[in-house]
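Peer 1: A single structure is presented below for examination.
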Amino acid sequence: MEVVVLPTPEDCGRVVADVVTAAVEAAPGGVTIGLATGSSPLLAYRGLVARHEAGLRFDHVTAVLLDEYVGLPAGHPESYREVIRRELTDAVGIDPARVHGPDGSAPDPLQAARHYEALVTSLRPVAVQVLGIGANGHVGFNEPGSSLASRTRVKTLTEQTRADNARFFDGDVAAVPRHVLTQGLGTIGEAEHLVLVATGAAKAAAVAGAAEGPVTTSCPGSVLQLHPHVTLVVDEAAAGQL
Ligand code: GLP
């Protein structure tokens, strides 16, 4: 695992944007990239938008999302599909038909999980997968206890994750869905290059567990230690327990 410690979140965003840019430029004939939501990658996405405005083209890019809430109607502003369109893909000119995520509004979430697993498989290789990490070590929505070999499936969020994400729902924990669809840790691990970005002291324990702790389902991020190409991009606060 390559660990890159940088002074500020802005520096982290620049490095993650560099990695994605390199993948986009390396494959002008078409490339799949994996995107994460949450606040951690936002500075990287802003950097990519700025590069697009300076001429970087994304029309050959297909994007796959990690996860989605179950039960939000399609088009809900906090559904991850809408978030990624708002924060990145519309602004860099990726056709919405090439932006894929699990269908959290499907009547049968189990079927939606199987469908998404097959779709991601069909769009491989995923050249680079951007990741964040939850304070409890979750990756995507693979909460502690998730099998390290898991595939796309329905998960139940912990109360901590619902509380952490309430800020996106006007602070109302009750409005945060209980169930989600997420790529499994095994699914995520099939991307060629994993780039995990984390900033701030609240992530320090999760970062240390992922990078240096035992490989355990108690810290889903620790599965990254088994992957041959991982770049961990952290600011000094998030690196505080390394
Ligand atoms: C969310 C997302 C994850 C994200 C994590 C951290 O629940 N499902 O993909 O990495 O939690 O979020 P943030 O970056 O906002 O701290």
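Peer 1: Kirkwood hydrodynamic radius, computed over distinct alpha-carbon pairs, for segment 33-101: how many Å, to one decimal?
Peer 2: When all Cα pairs of segment 33-101 are included, the Kirkwood radius is 12.2 Å.
Peer 1: Can you check what the Kirkwood hydrodynamic radius comes to for the chain, Cα pairs only, in Å to one decimal? Walk me through the numbers before you get to the answer.
Peer 2: Details: mean 1/r = 0.0566 Å⁻¹.
Over the chain, the inverse of the mean reciprocal pair distance is 17.7 Å.
Peer 1: Which cross-chain or sequence-distant (5 or more) residues have an amide H under 5 Å from the amide H of Gln129, H modelled 1.01 Å from N in plane?
Peer 2: Those qualifying (amide H under 5 Å, at least 5 residues apart or on another chain) are Gly34, His193, Leu194, Val195.
Peer 1: Would you kindly derive the ³J(HN,Hα) couplings of segment 154-168 from the backbone phi angles with the Karplus curve 6.51 cos²θ - 1.76 cosθ + 1.60 (θ = phi - 60°), listing them in order in whole Hz, with x for Gly and Pro?
Peer 2: 8, 10, 9, 6, 6, 5, 5, 5, 5, 5, 4, 8, 4, 4, 7
Peer 1: Filter the GluC sites (Glu not before Pro) in segment 138-238 to those in DSSP coil with at most 13 other Cβ atoms within 10 Å of their Cβ, and list the result.
Peer 2: Hits after loop and neighbour filter: nothing returned.
Peer 1: Work through the residues other than Ala106 whose Cβ is under 11 Å from its Cβ and net out their charges, Lys, Arg +1 and Asp, Glu -1.
Peer 2: -2
Peer 1: Hey, another quick one. Divide the volume of the convex hull of the Cα atoms of segment 26-143 by its number of residues and quote the answer in cubic angstrom per residue.
Peer 2: Given the Cα convex hull of segment 26-143, per-residue volume reads 107 Å³.
Peer 1: Using θ = phi - 60° and the Karplus form 6.51 cos²θ - 1.76 cosθ + 1.60, what ³J(HN,Hα) does each residue of segment 140-146 get, whole Hz, x for Gly and Pro?
Peer 2: With the stated coefficients, segment 140-146 comes to x, 10, 7, 6, x, x, 5 Hz.
Peer 1: Express in nm, to one decimal, how much length is gained between Glu82 and Asp95 on full extension, taking 0.36 nm for each residue of separation and deducting their alpha carbon distance.
Peer 2: Contour length minus Cα-Cα distance gives 3.3 nm.
Any read-out appearing in this document is the output of simple, stated calculations on the displayed coordinates, not a laboratory observation. Not measured: the values here are computed from a predicted model. Heads up, the Cβs are rebuilt from the backbone with ideal geometry, glycines too, and the neighbour counts pull from every protein chain shown.
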